[in-house]
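Below is one structure, written out as structure tokens; the observations come after it.
The values are calculated or read from the model by the stated rules, or taken from the named source; none is laboratory data. Since this is a predicted model, take the numbers as computed values, not measurements. Here Cβ is always computed from backbone atoms with ideal geometry, including for glycine, and neighbour counts include all displayed protein chains. When the accessible area is computed, the model is the full protein with side chains, heavy atoms only, and any ligands, DNA or RNA have been set aside. Shrake-Rupley method; radii C 1.70, N 1.55, O 1.52, S 1.80 Å.
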Amino acid sequence: QILLIGYDLEDGYGFHYNLPGGGVEIGEGLHEALRREVREEAGADVEIGPLLFVTEHVPSHHDYKYGPTHSLGLYFYCQLRNTSEPEQPLTLVDAQEGVYWLPLSELPVAPLLPNIGKQIQTVLAEGLSASDPFIPHWQ
């Protein structure tokens, strides 16, 4: 399964999932940012594994549909720490609607932004066991 954050926005996207993630703050390392973002959005603590893949968002290639910021997405394999269980945070982040576990088999048809469900499935099929929970991160 994969841990996703649900959003229900009135900006044309409607209900969709995002991966737990966000930006790196000044003075913060990638792993620190990953742990902080997952804790803020899903109330969970994770063990960070390898970087799985990187994506690039060039706004002009998408008619600025997703905003004007050029960004790189870094996706890490992570597992929950034994004592951690995801939950909806008391203070919601942005328009967050919920915290969900989604079967990996549903990724290709899930309303996931960015639409990387097939990439996640491919990477996991090539080297990681699909029976392990997977929590990717993008920033």
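Here are the numbers for the structure shown:
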{"read-out": "Label point distance in nm, residue 30-residue 65, each placed 7 Å from Cα along Cα→Cβ", "value": "2.8"}
{"read-out": "Taking the C-alpha atoms of the stretch 22-79, convex hull volume expressed per residue in Å³", "value": "95"}
{"read-out": "More than 26 angstrom apart: percent of Cα pairs within the chain", "value": "18"}
{"read-out": "Dipole in debye (nearest 20) - the stretch 1-62, about Cα centre, beta carbon charges: Lys, Arg +1; Asp, Glu -1", "value": "180"}
{"read-out": "Rounded to the nearest 10 Å², the accessible area of residue 122 at probe 1.4 Å", "value": "70"}
{"read-out": "For the stretch 28-97, with +1 on Lys and Arg beta carbons and -1 on Asp and Glu, the positive-most of 64, 38, 53 along the dipole", "value": "53"}
{"read-out": "Other-chain or far-sequence residues with amide H under 5 Å of residue 43's (modelled H)", "value": "87"}
{"read-out": "Gyration tensor (alpha-carbon) shape descriptor, the stretch 44-105, a/c threshold 1.5", "value": "oblate"}
{"read-out": "Carbon plus sulfur fraction of accessible area for the chain, probe 1.4 Å, in percent", "value": "52"}
{"read-out": "Heavy-atom SASA rank of 16, 70, 31, 61 (probe 1.4 Å, accessible area, largest first)", "value": "61, 70, 31, 16"}
{"read-out": "Length-normalised contact order for the chain - Cα pairs under 8 Å, 6+ apart - percent", "value": "38"}
{"read-out": "Accessible area of the chain divided out per residue, in Å², using a probe of 1.4 angstrom", "value": "56"}
{"read-out": "Gained length - residue 55 relative to residue 84, 0.36 nm times residue gap less alpha-carbon distance", "value": "7.6 nm"}
{"read-out": "Rounded to whole Hz, the Karplus (6.51, -1.76, 1.60) HN-Hα couplings of the stretch 43-58, x for glycine and proline", "value": "x, 10, 10, 10, 9, 8, x, x, 5, 8, 6, 10, 10, 10, 10, 10"}
